[in-house]
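Chemist: Encoded as structure tokens, here's the structure I'll be asking about.
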């Protein structure tokens, strides 16, 4: 109740365009207009995989396609510093996790790590923040859920012009396992469903690389939960 009230007051004091569609001079709820709220609330988690998936790509569930209100809200959160969007986005992410993880087993969420440069640009680790909200939502719904961060990301070159195989190699080489990870290993004190979380899946190279690094450290990945999935378009030579 208090958070909702503060959200309403902030929208009155600091009005802005809707994060989802850009509409101005409309009543906002956590920075999103009622039309976009309805669109986001109507999303239902479903399986998603790039075609073809890279080797080692885990079973993946997404909240929706990277379009419309979901795309706008994600961009506003990541690139425009609208961090008040983290709680509702975290709730959506929790729905994707719930589609992967059974309620009767503990679930361990591992967010895809951000590089130091990305953390500076976005005033923190945006996926860790979203995953933290997802954990709280899952706990309130009856799951035994925790977030752990066994990975760190090194700087890596721009991969937009690379094919899927090259992207996978770059992603794997940029990931390192932190030293204190014993609680996650098979047979350790914490057992449960290990789910990788991310904001967007495109080629699947990042999720496959994260799964590979975790499994190299004897941590078995059950699946991945992401907010949005893009649709790859084939590029015809000469066009």
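Chemist: Looking only at segment 76-123, how many residues end up being closer than 20 Å to residue 151 by Cβ and either in a loop (DSSP other than H, G, I, E, B) or at pLDDT below 90 (or both)? Lay out the reasoning, then the answer.
Modeler: Narrowing segment 76-123 to residues closer than 20 Å to residue 151 by Cβ: 78, 90, 93, 96-97, 100-101, 106-122.
Filter once more, keeping what is either in a loop (DSSP other than H, G, I, E, B) or at pLDDT below 90 (or both): 100-101, 106, 112-122.
Residues flagged as closer than 20 Å to residue 151 by Cβ and either in a loop (DSSP other than H, G, I, E, B) or at pLDDT below 90 (or both) within segment 76-123 amount to 14.
Chemist: For the condition modelled with pLDDT under 95, assigned by TED's automatic domain parsing to the domain that holds residue 112 and under 18 Å from the mean Cα position of the chain (by Cα), what is the one hit in 151, 162? Break it down stepwise before answering.
Modeler: Values: 162 fails: under 18 Å from the mean Cα position of the chain (by Cα).
Within the list 151, 162, the selection yields 151.
Chemist: Out of 126, 133, which single residue is at pLDDT below 95, assigned by TED's automatic domain parsing to the domain that holds residue 212 and either in contact with a helix residue (DSSP H, G or I) (Cβ under 7 Å, 6 or more places away or on another chain) or farther than 19 Å from residue 204 by Cβ (or both)?
Modeler: Values: 133 fails: at pLDDT below 95.
Going through 126, 133 in turn, the sole match is 126.
Chemist: Looking at segment 18-36 only, could you name the residues that are buried (at least 18 other Cβ atoms within 10 Å of the Cβ) and without any contact (Cβ under 8 Å) to a residue 40 or more places away in the chain?
Modeler: 28, 33, 36
The values are calculated or read from the model by the stated rules, or taken from the named source; none is laboratory data. Computed from a predicted structure; not experimentally measured. Reconstructed Cβ throughout: ideal geometry from the backbone, glycine too, with neighbour counts over all protein chains shown.
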